[in-house]
Amino acid sequence: MTVPRVPDAPPTLPPHYESRIDWPAFWSKDHHVAEWLVEPLLPLGRSISTYSRAKAGKSLLSLDVAARIATGRRVLDHPSGAPRSVVYLDLEMTETDLFERLEDMGYGPETDLSHLHYYLLPSLPPLDTADGGAALREIAAFHDAALVIIDTTSRVLAGAENESDTLRALYRHTGQLLKADGRTVWRLDHSGKDPERGQRGTSAKNDDVDLVWELSLREGGIRLRATHRRQSWVPEFLDLVRAEEPLRHERAAESWPAGAIALASRLDALLADRGISVRSARDLLREHGEGARNDVLAAALRYRRERDEEPGNTSGNTSTGSMGNTLREQAADQEWVTAGKQRVTPVSVTGERSPSLGGEQFPDLLGDTAEFA
């Protein structure tokens, strides 16, 4: 008697199979594109750490950024748009501190802060434990947070912050889960007794994040220096002006990476489309036996966009027009900084330069402070 053959059970996929790479989709995606939550400060879906001496203003910067994202207002290079959800864990300030800072930033009872989910001195389990990571992941998912801010790292740990195992546990139980969910995570931290040696505690604090900003005070504002970065398109330095009435942070005049302006001219000569992607621009250069570093190419494309947005500038030439004048002035500013001077000159959203901050009152950068307040 023949026993009928029982068909094999269909294969079952293991848990979390969704993290497996889909190779056709992987190769079809343009991985050269710079993706930002807030350009040029917070890369999208990445883990960022910012550290400084006490009272340097890292919490002031993070609150300014968080409130602007949550209210849909312009922040640094990111234009105004729809509000996005932010979860802020504050383990440092009091309610009075928070009130004073928000009031200085121009917010009040009439402001819709419903997308800023601010947890003041929360009683969460430590985030280097499974319970703590699960709790924060649940909070972030409940609010559909685009950004999670932890202020500060040392306050959310059960283990010693100078032990590398503590930071590995923080990543395993919290950072990895939030990153897998596509959320941007921004950790604030203190520098050690010797700021030149980086963050307080173990050097492992640099290993589990994609970007580390060292924040320091400078005349009229702050400077951020990328001490560790996985993305070539993140700038090494970011200078911000701290303005008043309302309190806010504006990007100072920047110097473009070496070769970016010349590369922009070359792309003009090759008749590259104004909206060309980094990948397409790279392919175009390769067709002519040329190449460029990712950060320089991305900067060149951005330069072309900003140049062409200048009022009345329809020329493809990078040596003429108001943008060319601005860049020459930026070079002069850079010479001042190199010589030890501290002239910080901000640029408005229209590209117009404002007077030096050397003892002068900060001008209204936008003309209409209601939109920026």
Response to the item:
Neighbours of residue 183 by Cβ distance under 12 Å: Lys/Arg at +1, Asp/Glu at -1, summed charge +2
Fill in: Theoretical gain in end-to-end length, residue 54 to residue 28 [0.36 nm per residue, Cα-Cα removed]
4.8 nm
Worksheet item: Near residue 271, within a Cβ-to-Cβ distance under 15 Å, what is the net charge of the other residues, with Lys and Arg +1 and Asp and Glu -1?
Response: -3
Fill in: Ranked list, fewest to most other Cβ atoms within 10 Å of each Cβ, for 23, 213
23, 213
Worksheet item: Can you list the HN-Hα couplings for the range 165-173, worked out from phi with the Karplus curve (6.51, -1.76, 1.60; θ = phi - 60°), rounded to whole Hz and with x for Gly and Pro?
Response: 4, 5, 6, 5, 5, 4, 5, 5, 8
Fill in: Length added when fully stretched, residue 207-residue 77, from 0.36 nm per residue minus Cα-Cα
44.0 nm
Worksheet item: In nm, what is the difference between 0.36 nm times the number of residues separating residue 262 and residue 277 and their Cα-Cα distance?
Response: 3.6 nm
Practice prompt. Would you calculate the separation in nanometres between label points at residue 114 and residue 308, each defined as 7 Å from the Cα along the Cα-to-beta-carbon direction?
Written response: 3.9
Worksheet item: Going by how many other Cβ atoms sit within 10 Å of their own, how do 36, 186 line up, fewest first?
Response: 36, 186
Worksheet item: Which ³J(HN,Hα) values in Hz, rounded to whole numbers, follow from the phi angles of the range 87-103 under the Karplus curve 6.51 cos²θ - 1.76 cosθ + 1.60, where θ = phi - 60° and Gly and Pro get x?
Response: 9, 10, 9, 10, 10, 10, 8, 9, 5, 5, 4, 4, 4, 4, 5, 5, 5
Worksheet item: Which net charge results for the neighbourhood of residue 140, defined as the other residues with beta-carbon distances under 9 angstrom from its beta-carbon, given Lys and Arg at +1 and Asp and Glu at -1?
Response: -1
Worksheet item: Hey, what do the phi angles of the range 217-228 turn into as Karplus ³J(HN,Hα) couplings, whole Hz, using 6.51/-1.76/1.60 and θ = phi - 60°, x for Gly and Pro?
Response: 7, 9, 4, x, x, 9, 10, 10, 10, 7, 7, 9
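Number of Lys pairs in the range 36-251 with C-alpha atoms less than 19 angstrom apart, excluding same-chain neighbours closer than eight positions? Don't jump to the answer; show the numbers that get you there.
On the way: 55/193; 58/193; 58/205; 179/205; 193/205.
Final tally of qualifying lysine pairs is 5.
Read the figures in this text as sums done on the coordinates, not as results from a lab. Model, not experiment: these values are computed from the prediction. Because the Cβ atoms are built from the backbone with ideal geometry, glycine has one as well, and the counts that use them run over all protein chains shown.
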